[in-house]
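First comes the structure, then the notes that go with it.
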Amino acid sequence: MKIKIASVDSVIIYFGEFISKDISNKVKSVYSYLKSLENDSFIEIIPSYTSILIKYDILKYDISSITIFLKNELKNIKNEDFSSNKLIVVDTFYSTEVGFDLQRVALNANISIEEVIKIHSSKIYDVFTIGFLPGFAYLASVDDKIITPRLNSPRKKIPKGSVAIADSQTAVYPCDSPGGWNIIGRTTFEFFDKSLENLSPVCINTQIKFNPISKEEYTAQGGKIEF
């Protein structure tokens, strides 16, 4: 764990250079602890894959004092086990009707579309970080068999609720947005909710499981096929 200066009012705690479950757990453990302190001097605490950015009140801390404070607070923190955290099941309609790249993922993996669906929906995914858009949760890791590179040319508009894969990660677009991920299905689950303090029911301590549903079930939930 290393603490580095980001700017006059912020520092970054680094836990490693590569994305992994172990480093993710370290990030989550420290993030949870820092939030529990309820320190009014911390303006923002922003976790990512391998680090945490802390923006602080420069009237209460300077670079030296914030560094000393964090080192003292964090030196005895132990990794928590996040495997039993809140699990959210996301009903998903997997189909080439809404999954524009479902066939592409299958061809890339040299397997059938049915196998892609089975593999993608059989795993419980950890939320590594949230970014790009409010409620856009980066979930990892997909099974090695269905790792698929991003599109060469991003689409100008991806429909809200699109379930996607990019390299070893998967995600759901919380709103209409440009994007270069491979779209394999769609859900009506709301990943963005402006009535919530964090703007989403999903956070880094959440896990996601995709549940395949039929076209009839999807449309009964208010899902749309056309776009």
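Computed quantities for the displayed model
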quantity	calculated
Calculated from backbone phi, Karplus (6.51, -1.76, 1.60) coupling profile of region 91-106 in Hz, x at Gly/Pro	4, 9, 8, 8, 6, 5, 5, 10, x, 4, 10, 4, 5, 4, 4, 5
In Å², nearest 10: area of LEU74 left accessible to a 1.4 Å probe	10 Å²
PHE128 - accessible surface, heavy atoms, 1.4 Å probe, Å² rounded to 10	10 Å²
Candidate values (1) 30, 18, 18; (2) 32, 18, 16; (3) 36, 18, 16, label of the one derived for semi-axes √(5λ) of the Cα gyration tensor in Å	(3)
Positive-end residue of ALA109, ASN198, ASN211, charge dipole of the chain with Cβ unit charges	ALA109
Other-chain or far-sequence residues with amide H under 5 Å of ILE43's (modelled H)	LYS55, TYR56, ASP57
Region 73-178: relative contact order in percent, alpha carbon pairs under 8 Å with at least 6 residues between	20 percent
FRET E, pair CYS175, ASP57, Förster distance 35 Å, beta-carbon r, rounded to 0.05	0.60
Ellipticity estimate at 222 nm from DSSP helix runs (n ≥ 4, -39,500 (n - 2.57)) divided over the chain, nearest 500	-7000 deg cm²/dmol
Carbon plus sulfur fraction of accessible area for the chain, probe 1.4 Å, in percent	51 percent
Only Lys, Arg (+1) and Asp, Glu (-1) charged, at Cβ; the chain dipole about Cα centre in debye	340 debye
Gain on full stretching of the segment that runs from ILE77 to LYS215 - 0.36 nm per residue minus C-alpha separation	45.0 nm
Table column - 3J(HN,Hα) (Hz), region 65-77, Karplus curve with 6.51, -1.76, 1.60, x for Gly and Pro	5, 5, 5, 5, 4, 5, 4, 5, 6, 9, 5, 10, 6
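The values are calculated or read from the model by the stated rules, or taken from the named source; none is laboratory data. The structure presented is a predicted model; accordingly, all values stated were derived computationally and were not measured. Virtual Cβ from ideal backbone geometry, glycine too; neighbours counted across all protein chains shown. All accessible areas refer to the heavy atoms of the entire protein, side chains included, with ligands and DNA or RNA removed. Shrake-Rupley method; radii C 1.70, N 1.55, O 1.52, S 1.80 Å.
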